[in-house]
Amino acid sequence: MRCEQGYLCDVCGGDVEHIWESDLYLRYVIGQVDPETLHTTRERHIRCNPTLAQFIVDPDFEAVLVEGTFDKRQLDERYVREHERLITRGWRRLKELAHLEGVSLLDYPLPEVCQRMRDHS
Ligand SMILES: [Zn+2]
């Protein structure tokens, strides 16, 4: 599905080589990007979008810190907990997808996001 050349990061210009590095696919599996706009939205590394990346809490993911207004340590605790739960699950989903074959793009997202997409179509 991804073309051989891969996609270049809009922030650092580097290659977004793996699906688990992709901010675009992360936002897709958690329901923030529609399947229709997936191919027209610019790609970036997850780490190049620190305001989102800071919510991934996983031993396999080197923690990202944000300084300033969007630092999660400055945000509402409940909001942070909910986001950490969702975005960490999204990231683990990407790691899982990297090892699965023959999964339709529409089945990439987390179960509740798939359900929501079905309800709306
Ligand atoms: Zn980048």
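The values are calculated or read from the model by the stated rules, or taken from the named source; none is laboratory data. Quantities reported herein were computed from a predicted structural model and do not represent experimental measurements. Cβ sites come from the backbone with ideal geometry, for glycine too, and all protein chains shown count toward neighbours. All accessible areas refer to the heavy atoms of the entire protein, side chains included, with ligands and DNA or RNA removed. Shrake-Rupley method; radii C 1.70, N 1.55, O 1.52, S 1.80 Å.
Let's see how each residue does on (1) modelled with pLDDT of 95 or more; (2) part of a loop (DSSP other than H, G, I, E, B); (3) within 16 Å of the ligand (Cβ to nearest atom):
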| residue | (1), (2), (3) |
| --- | --- |
| Gly13 | yes, yes, yes |
| Leu24 | yes, no, yes |
| Arg27 | yes, no, yes |
| Gly31 | yes, yes, no |
| Arg42 | no, yes, yes |
| Ile56 | yes, yes, yes |
| Phe61 | yes, yes, yes |
| Gly90 | yes, no, no |
| Leu94 | yes, no, yes |
**Message:** Based on this model, can you work out whether Arg47 counts as among the charged types (D, E, K, R), under 10 Å from the mean Cα position of the chain (by Cα), closer than 25 Å to Leu106 by Cα and buried (at least 17 other Cβ atoms within 10 Å of the Cβ)?
**Reply:** no
**Test set (1) within 16 Å of the ligand (Cβ to nearest atom); (2) open to solvent by 90 Å² or more (accessible area, probe 1.4 Å); (3) within 14 Å of the chain's Cα centre (by Cα) - Arg85 fails condition number** = (1)
**Asked** Which of the residues belonging to the range 89-121 are surrounded by fewer than 16 Cβ atoms within 10 Å (Cβ to Cβ) and of a type in the set (Ser, Thr, Tyr)?
**Response** Ser104, Ser121
